[in-house]
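J.: To start, I am sharing the structure in question, which I have written as structure tokens.
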Amino acid sequence: MDVFQEAEFWVAVAFVLLIALFVYMKIPAKVIAMLDERAAGIAKTLAEAEKLRNEAQSLLRDYQSKRQAAEAEAEMIVAQARKDAEAYGAEARNKLAELLERRTAAAQQKIAQAEATALKEVRSAAAELAVSMATRVLKEEMKGPKGTVLIDRSIADLKDKLN
């Protein structure tokens, strides 16, 4: 019985007894259940991670589309602002041109009125001078009562015709 003297034999016997004890206490089933439970937990975590990844991708797509929409809206706002600014500038130029035209017309009207007033004053002065000269000439040439009547009538007619 040399076999009982060898250490390897006793190690093998201890190993078999240990395995038998594990089977008796249903440790392999518990280990398998524990491993299955852990695998289920890992699978659940992976499924949750996949779900979160899909949600994150969905949110990313939503935010990208919102960003693109916001950029498009910003471009439209800028374009509208440029259009409004151009329209305002054109309107301001038109109003300025109209104002200049009105002021030019008013200035031309004032000039024409001043010319007309000056012309009227010159005519009036010329008429008075002509009447004065005619009066002097006629007084010197037409002396006496008949000349005086003729001169007075001519002066009155001349004033009416010139004014």
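J.: Out of segment 117-143, which residues are charged (D, E, K, R) and modelled with pLDDT under 80?
T.: Kept after step one, since they are charged (D, E, K, R), are these residues of segment 117-143: 120-121, 123, 128, 136, 139-141, 143.
Passing the criteria: R136, K139, E140, E141, K143.
J.: So which of A112, A87 ends up being surrounded by 10 or more Cβ atoms within 10 Å (Cβ to Cβ), over 34 Å from the mean Cα position of the chain (by Cα) and either at pLDDT below 95 or not in a helix (DSSP H, G or I) (or both)? Reasoning before the result, please.
T.: Numbers: A87 fails: over 34 Å from the mean Cα position of the chain (by Cα).
None of the others qualify; the one that does is A112.
J.: Something else now. Show the residue pairs that are 6+ apart or on different chains and have beta-carbon atoms under 8 Å apart, the first residue being within segment 111-127 and closer than 21 Å to K159 by Cβ, the second being of a type in the set (D, E, K, R) and in a helix (DSSP H, G or I).
T.: So the pair list comes out as A127/K159.
J.: Looking at I27 and the list (1) closer than 30 Å to I155 by Cα; (2) without any contact (Cβ under 8 Å) to a residue 12 or more places away in the chain; (3) of a type in the set (V, I, T), which single condition is not satisfied?
T.: (1)
J.: Tell me whether segment 7-25 contains one or more residues that are exposed (fewer than 10 other Cβ atoms within 10 Å of the Cβ), assigned to a helix (DSSP H, G or I) and small (G, A, S).
T.: Yes, because at least one residue in segment 7-25 is exposed (fewer than 10 other Cβ atoms within 10 Å of the Cβ), assigned to a helix (DSSP H, G or I) and small (G, A, S).
The values are calculated or read from the model by the stated rules, or taken from the named source; none is laboratory data. Note that the structure is a prediction, hence the values are computed from the model and not measured. When we count neighbours, we look across all protein chains shown, and the Cβ atoms used for this are built from the backbone with ideal geometry, even at glycine.
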